[in-house]
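The values are calculated or read from the model by the stated rules, or taken from the named source; none is laboratory data. Remember, predicted model here, so these are calculated numbers, not experimental data. Virtual Cβ from ideal backbone geometry, glycine too; neighbours counted across all protein chains shown.
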Amino acid sequence: MRAIVVEQAGPPEVLQIRDIPRPEPRPGQVLIRVKAFGLNRSEMFTRQGHSPSVKFPRVLGIECVGIVEAAPDTSLQVGQTVAAVMGEMGRAYDGGYAEYTLVPASQVLPLQTSLPWETLAAIPETYLTAWGSLFEAMDLQPGQTLLVRGGTSSVGMAAIMLAKHHGATVLATTRKVAKRTALLIIGAEEVIIDTGTIADKVRQRVPGGVNGVLELIGTVTLLDSLQAVAPKGIVCMTGILGNAWVLQEFDPMVAIPSAVRLTHYSSGTVNAANDTDVLQHIVEGVEVGRYKVSIDRVFHFDEIVEAHHYMEENRAKGKLVVLVD
């Protein structure tokens with residue numbers, strides 16, 4: 001089978017298409033014929049060498065969608081449409097950047113859908129991350145105000161749509177004026193151009209502060225986001241679009257306003273047992289137009305180097321997808 005293999009950390013050119021043996025499933029494992037996969041910045045970080053637990057060579061890819069090829073001693077059926085997400089996919093073991101991938105059954109979510117593969121591939125990691133952040137970590141309620149910081153990322157756009165449909169008032173940020181309209185179209189009430197310091201602008205629009213901030217930029221804007229929240233509000237750090245992992249000289253007693261909460265969400269907790277029904281709900285929402293899939297561009301398998309350059313240059317406003325066929 002063909003697979004995209006990283007032999008050593010480096011620029012996008014280290015992503016090389018190779019012929020490797022097709023894996024054979026053992027009981028409890030699922031062999032998936034991959035039809036498409038979404039691109040994620042965590043894969044870019046791994047390729048760059050920022051994931052010390054990952055040993056090369058490795059086939060990257062923390063998600064994919066496709067068809068069950070074999071699933072011994074599981075409840076899954078051959079030919080069934082599935083999504084595979086997380087569970088150390090593409091990190092501890094080879095992931096979705098391949099014609100076939102072998103994953104534990106615990107990470108395989110069966111789906112009923114007629115969506116085209118490129119649309120379906122844009123949903124799992126993006127929407128499950130947004131859902132978990134809003135409703136598991138933040139407990140977002142109808143009528144509350146939410147700021148999505150990093151709104152034109154794929155997770156940001158999914159979060160805006162989920163929160164809007166849930167009855168929240170949504171503000172969003174982008175660094176580029178040209179991307180403002182895209183956020184308004186999907187449901188943001190206000191769009192703030194992010195200069196790095198926007199707490200005062202937020203409070204001008206929402207006196208007293210917002211109820212919650214979904215922080216997708218990360219540590220470079222986290223302290224400012226904390227200042228935009230009302231007492232008893234919450235900041236959830238989910239992304240690191242700012243490419244900085246550590247907050248230097250963090251003084252919680254000073255940095256966190258009184259009665260404001262700080263948490264984080266990791267999609268590493270996603271599994272079939274807890275999230276299949278959620279993903280099916282989201283997929284059905286996309287089918288009927290309740291939610292939109294914000295795909296910026298679809299690449300083909302042999303365009304993976306170009307796709308990673310595109311992602312690394314922050315050119316996308318929405319999800320990037322790769323078709324395998």
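Things worth noting here:
- Filter pass, residue 314 being assigned by TED's automatic domain parsing to the domain that holds residue 195, more than 15 Å from residue 118 (Cβ to Cβ), among the polar types (S, T, N, Q) and at pLDDT below 95: no
- In segment 47-65, the residues that are farther than 30 Å from residue 113 by Cα and of a type outside the set (Ser, Thr, Tyr) reach residues that are at pLDDT 95 or above and in a strand (DSSP E or B) with C-beta atoms within less than 7 angstrom, at least six apart or across chains, in these pairs: 47/6; 47/15; 56/6; 57/5; 57/6; 58/6.
- Residues (at pLDDT 95 or above and either among the polar types (S, T, N, Q) or not assigned by TED's automatic domain parsing to the domain that holds residue 168 (or both)) located in segment 196-230: 197, 204, 211, 225, 227
- Residues that are surrounded by 13 or more Cβ atoms within 10 Å (Cβ to Cβ) and of a type in the set (Gly, Ala, Ser) within segment 237-265 comprise 239, 242, 244, 255, listed in sequence order.
- Of the residues making up segment 134-157, not one is among the charged types (D, E, K, R) and touching a Cys at 6+ places or on another chain (Cβ under 7 Å).
- When the strands (runs of 3 or more DSSP E) confined to segment 166-215 are screened for residues that are closer than 17 Å to residue 230 by Cα, those reaching at least 2 such residues are found at 169-174, 210-215.
- Selection of segment 223-236 for residues being outside any helix (DSSP H, G or I), out of contact with any Phe, Trp or Tyr (no Cβ under 8 Å at 6 or more places or on another chain) and surrounded by 15 or more Cβ atoms within 10 Å (Cβ to Cβ) yields 227, 228, 229, 230, 233, 234, 235.
- Yes/no for residue 86 being more than 21 Å from residue 325 (Cα to Cα) and in contact with a Gly (Cβ under 7 Å, 6 or more places away or on another chain): yes
- When every residue of segment 74-89 is checked against the conditions, at least one turns out to be farther than 19 Å from residue 267 by Cβ, touching a helix residue (DSSP H, G or I) at 6+ places or on another chain (Cβ under 6 Å) and of a type outside the set (Lys, Arg).
- Tabulated pairs, segment 1-24, first more than 12 Å from residue 57 (Cα to Cα), second among the aromatic types (Phe, Trp, Tyr) and part of a strand (DSSP E or B), C-beta under 6 angstrom, 6+ apart or interchain: 1/100; 22/100
- Residue in segment 125-141 that is among the aromatic types (Phe, Trp, Tyr), more than 21 Å from the chain's Cα centre (by Cα), outside any strand (DSSP E or B) and surrounded by fewer than 21 Cβ atoms within 10 Å (Cβ to Cβ) present: no
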